[in-house]
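Notes for the one structure printed next.
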Amino acid sequence: MQETQSILKDVLLGVQFTAILIGLLYFFKLKNSYWKWFSVYLVLIFFQEYFLFGSESIAYQEKIKYAVFLGIPLQFIFLYWLYAYKSLKNKKMFLLSSLTYAIIIGFTVYFNTYNEAYSLSNNVGTIILIILLVLEFIKQIKNDDILKFRENKMFYINIGMVLFYVGNYPYHVFGQELYENHLKIFNLYNIYFLVTNCIMYLLFSASFIWGKTQS
C-alpha cells in the first residue's frame, strides 16, 4: 500500500505539472477572459504546495503561519470568486462566503494554536465551498447548457471539485483519528485522496482544451 501511495504521488506531480503547462499555453487565448486567472491560480497552488510540503529549508511553524494567513485563504477566496461571483453571478454570495470564512478563521486563530487553525481553516473553507459546488451543480442541471456540457468549463471543474473536496472531507476532518487508530482505513483514504486529486487536475486540463470561454 505504501508503494501504491508513492507511485500515486509521482503521478499526481506529473498531472499537476501537465495541467499548469496546458493552462499557460491557453493563457494568452484567455487574456480577454476572467478564465486567465484560473491558469494563474494553478501555478500559485503548485508553488504553494511545494513550499508547504516539499521545501525542507523553511521551519514547519513558518509554513503553518503562511498557510493560515495567506495560502489557504487565497485558495478558497479565489474559488468563492470563481463560483459565486463569476459562475453563479451573485456578488452578495461571494462577499458573504468570503466574509464568513474570514470571520471564522479570525476567531480560530485568536483562540487556538496555529496547528488547530490550519485544520479548521481547511474544514471551514471546504464547507462553504461544498455549498457553492451544490449550487453550481443545481444551476447546471436546470440550465439547457447541460446539453453542451462538453463545452462548459465549469462542468469539468465542478466534477473534479466534487470528487476531491466532497469525497475527501471526512479524510480531512477525521484524518488524525484514523491515522492513530485505524491505519489501514487511513491508508485507503489516502489513496482515494491521491486518485481524486489526479482526476481533478485531469479535468482542469480538459476544461482548458474543450471548454469555451463563454461558459
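The values are calculated or read from the model by the stated rules, or taken from the named source; none is laboratory data. These figures come from a predicted structure and were not determined experimentally. Heads up, the Cβs are rebuilt from the backbone with ideal geometry, glycines too, and the neighbour counts pull from every protein chain shown.
Considering only residues in segment 203-215 that are modelled with pLDDT of 80 or more and crowded, with 16+ Cβ neighbours inside 10 Å, the one that is farthest from Ser119 (Cα to Cα) turns out to be Gly211. For the residues Phe46, Phe17, the requirement of being under 19 Å from Cys198 (Cβ atoms), out of contact with any helix residue (DSSP H, G or I) (no Cβ under 7 Å at 6 or more places or on another chain) and either outside any helix (DSSP H, G or I) or not assigned by TED's automatic domain parsing to the domain that holds Ile130 (or both) singles out Phe17. Considering only segment 84-114, state which residues are surrounded by 13 or more Cβ atoms within 10 Å (Cβ to Cβ) and charged (D, E, K, R). Residue satisfying the conditions is Lys86 alone. Which residue pairs have Cβ atoms under 7 Å apart, sit 6 or more places apart or on different chains, and have a first residue in segment 94-110 that is on the phi > 0 side of the Ramachandran plot and a second that is outside any helix (DSSP H, G or I) and surrounded by 13 or more Cβ atoms within 10 Å (Cβ to Cβ)? Close Cβ pairs satisfying both conditions: none exist. Output yes when any residue across segment 95-112 is under 17 Å from Met161 (Cβ atoms) and outside any helix (DSSP H, G or I), and no when none is. Taking every residue of segment 95-112 in turn, none turns out to be under 17 Å from Met161 (Cβ atoms) and outside any helix (DSSP H, G or I).
Restricted to segment 90-116, and to residues there that are out of contact with any Gly (no Cβ under 7 Å at 6 or more places or on another chain) and aromatic (Phe, Trp, Tyr), the residue that is modelled with the highest pLDDT is Phe94.
Across segment 146-162, the qualifying residues are those that are modelled with pLDDT under 90 and out of contact with any Lys or Arg (no Cβ under 9 Å at 6 or more places or on another chain), and the one among them that is surrounded by the fewest Cβ atoms within 10 Å (Cβ to Cβ) is Leu147.
Can you tell me which residue among Val11, Val68 is touching a Phe, Trp or Tyr at 6+ places or on another chain (Cβ under 6 Å), hydrophobic (A, V, I, L, M, F, W, C) and on the phi < 0 side of the Ramachandran plot?
On the way: Val11 fails: touching a Phe, Trp or Tyr at 6+ places or on another chain (Cβ under 6 Å).
Answer to the check: Val68.
Only one of the numbered conditions (1) surrounded by 14 or more Cβ atoms within 10 Å (Cβ to Cβ); (2) in the same structural domain as Leu203 (by TED's automatic domain parsing) is not met by Trp37, and that is (2). Taken together, the criteria exclude Ser119 from residues that are small (Gly, Ala, Ser), outside the structural domain of Ser6 (by TED's automatic domain parsing) and either at pLDDT 85 or above or not in a helix (DSSP H, G or I) (or both).
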